[in-house]
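To start, the structure itself, in structure tokens.
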Amino acid sequence: MQQALRERMGSARSDQTIQLDSLVRGPIFAIVAADLDGDGVIDLAATDPETRRVHVVLLDGEGNKRAHTTYKVGPLPRTLIATDIDGDGAMDLVVGCLGALRILDGDGAGSFTEGPSFEIRGSPTGLAAHVADRTGRVSLIVAVGGQTQWIDVPRFREGRIASFVDGVMAASGPRRLTSRSTVLTAREEDIVRLAVKGLAAKHIALRLSISVRTVESHLAHVYSKLGISTRFELVRWFQDQRERA
């Protein structure tokens, strides 16, 4: 079946039809329409379970594809929502995969980087976001096997957990950051401090005047030392350091 999305513009240029069957190899389980790059034009994102990817299609307002990028997310990505999950003003994507929710952290210009992931039981059949009125914090509501799970999402971008990270550093004083018997090098500490604030590798590289490859290499070493594999786990590790201090 041909996959397409038609958007009513309510103007002289009435209809826009975007063909997705030429972009997505397998059946599309979820599509979202949202302004993903902040230009005021509705863009598209769609899951592709066959390739375990999310397709992001940026549009130019005339019904034409301006850019098309794919992001690998995990097995059976079947649910998808777009929401500003970290409160930075940029649209993010939350993908429901088998056993986990994957967050693609938007930069406001149509590009995404890997954010936290959250374990769930089974494969989600429904997904929604709830924003608390007073705090602005986001909770994810997931439907799996006839049951509902609520997941509170911590702030993970710079400015949202910066005070938390600074508090950890102040509590630990001049000591090296440690995890059991593991000690991070001075350069690893510099990179970790920025990474847990939510900065992407390219922004860390600019801040420290080093290459992106160097940042990624140091983060890989840190993950190996600490026995973790995601940024979210790195933030959790910081929390553990605060509790120890």
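The values are calculated or read from the model by the stated rules, or taken from the named source; none is laboratory data. Source: prediction; values computed, not measured. We place every Cβ from the backbone using ideal geometry, glycine too, and count neighbours over all the protein chains shown. For accessibility, only protein heavy atoms count, side chains too; no ligands or nucleic acids. Shrake-Rupley method; radii C 1.70, N 1.55, O 1.52, S 1.80 Å.
Does the stretch 179-207 hold any residues that are in a loop (DSSP other than H, G, I, E, B) and either out of contact with any strand residue (DSSP E or B) (no Cβ under 6 Å at 6 or more places or on another chain) or at pLDDT 85 or above (or both), and which are they?
As a first pass, look at the stretch 179-207 and keep what is in a loop (DSSP other than H, G, I, E, B): 180-181, 184-185, 196-200.
Passing the criteria: R180, S181, L184, T185, V196, K197, G198, L199.
Exactly one of these conditions fails for D105: (1) at pLDDT below 75; (2) in a strand (DSSP E or B); (3) not basic (K, R). Give me its number.
The failed condition is (1).
Given the criteria open to solvent by 30 Å² or more (accessible area, probe 1.4 Å), in contact (Cβ under 8 Å) with a residue 12 or more places away in the chain and at positive phi, does L98 qualify?
Numbers: open to solvent by 30 Å² or more (accessible area, probe 1.4 Å): yes; in contact (Cβ under 8 Å) with a residue 12 or more places away in the chain: yes; at positive phi: no.
Answer is no for this residue.
Go through (1) open to solvent by less than 50 Å² (accessible area, probe 1.4 Å); (2) at pLDDT 90 or above; (3) over 18 Å from T113 (Cα atoms); (4) of a type in the set (V, I, T) and name the single condition T47 misses.
Here T47 clears every test but (3).
On the basis of being at pLDDT 80 or above, crowded, with 18+ Cβ neighbours inside 10 Å and either over 20 Å from the mean Cα position of the chain (by Cα) or farther than 25 Å from H68 by Cα (or both), does P116 make the cut?
Details: at pLDDT 80 or above: yes; crowded, with 18+ Cβ neighbours inside 10 Å: yes; either over 20 Å from the mean Cα position of the chain (by Cα) or farther than 25 Å from H68 by Cα (or both): no.
So P116 does not fit the description; no.
What's the number of the condition D88 fails, among (1) in a loop (DSSP other than H, G, I, E, B); (2) surrounded by 21 or more Cβ atoms within 10 Å (Cβ to Cβ)?
Going through the list (1) in a loop (DSSP other than H, G, I, E, B); (2) surrounded by 21 or more Cβ atoms within 10 Å (Cβ to Cβ), D88 breaks only (2).
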